[in-house]
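Okay, structure first, notes after.
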Amino acid sequence: MRVDIPFTINPDGWHCIHAAMQGVIKHFTNDYVSIGFLNALMNPDHEMWVWPFQAVKSMDELGLFVRLFSSYDLSSFQTAESIRESFPGRYCDLTCVNSVKESISHIQSNSLSENKDLSLSEIEGFIARGCVPIVMMGCRERLGKYVILTGYDSSSLYYHDSGPEGAEPHKRISKKDFLDCWKETPSNNMAIIVYGKKYKDTYTRFHF
């Protein structure tokens with residue numbers, strides 16, 4: 001099965017998470033949000049890395065019912081120093097630590113995370129129920145890329161590759177290759193699951 005989610009382009013290689021968020025927001029609300037607006041919410045510095053924590057906080061504030069699934073113990077990220085220790089080297093150099101700290105505090109205060117690694121079958125189950133997973137596919141040479149998972153079959157997953165080079169909607173990847181990418185640093189099996197638009201204490205998946 002594959003889900004028809006709006007496909008958006010990463011214009012310069014620095015905004016894959018913004019492109020993913022644009023597609024998900026459009027899918028569930030029919031609203032258009034610009035990359036500049038999302039950047040201002042998450043990280044005003046153009047050339048800084050955006051972590052899933054910042055994306056979850058921003059989508060929650062924009063009215064989406066969203067959860068972060070991760071084996072990270074968020075209680076260990078209480079200080080800027082602990083965040084720097086967790087994201088060493090070039091990852092720390094490209095991280096807006098204060099933004100990450102504020103985002104983690106927001107996630108904890110609003111119970112927006114679950115301390116677990118999702119299985120592949122659980123991810124497929126979310127897709128089948130109309131939820132949209134955003135995951136980071138890791139890479140040792142680069143810092144990884146955020147993608148929307150749009151579907152699956154018996155041997156493969158499908159995702160929106162926002163580019164800018166080789167941009168392709170519903171791109172196919174074998175399940176083995178996906179798991180290899182998803183487990184690699186810096187992704188470490190983190191997943192953002194967007195359930196739908198917030199409605200009181202629950203959500204609706206109605207979209208346009």
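A short reminder: the numbers here are calculations on the coordinates, not readings from a lab. Keep in mind that this is a model prediction, so the values were computed, not measured. Cβ sites come from the backbone with ideal geometry, for glycine too, and all protein chains shown count toward neighbours.
Listed by chain and number, the lysines placed with their C-alpha closer than 25 angstrom to that of K175 are K116, K145, K183; residues fewer than eight positions away on the same chain are left out.
Counting only residues at least eight positions apart within a chain, or on another chain, the lysines with an alpha carbon under 19 Å from that of K26 are K57, K197, K198. Hey, which aspartates and glutamates would be in cross-link range of K176, C-alpha to C-alpha under 16 Å, not counting anything within fewer than 8 residues on its own chain? Cα-Cα hits under 16 Å: E122, E124, D153, E184. Sequence-ordered 3J(HN,Hα) estimates for region 93-101 from the Karplus curve with 6.51, -1.76 and 1.60 and θ = phi - 60° stand at 4, 9, 10, 7, 4, 5, 5, 4, 4 Hz, glycine and proline given as x. In this structure the amide hydrogen of H170, modeled in the peptide plane, comes within under 5 Å of the amide hydrogens of Y159, H160, D161, none closer than 5 places in sequence on its chain. Coupling constants for region 190-201 follow from the phi torsions by the Karplus curve (6.51 cos²θ - 1.76 cosθ + 1.60, θ = phi - 60°), and in residue order they are 5, 9, 9, 10, 9, 7, x, 7, 4, 9, 6, 9 Hz; glycine and proline get x. Stretched out straight at 0.36 nm per residue, the stretch from I9 to E61 would grow longer than its current Cα-Cα span by 16.4 nm. If you plug the beta carbon distance of L120 and Y199 into 1/(1 + (r/R0)^6) with R0 = 25 Å, you get a FRET efficiency near 0.30.
The stretch between S76 and S105 holds 9.3 nm of extra length on full extension. This uses 0.36 nm per residue minus the Cα-Cα distance.
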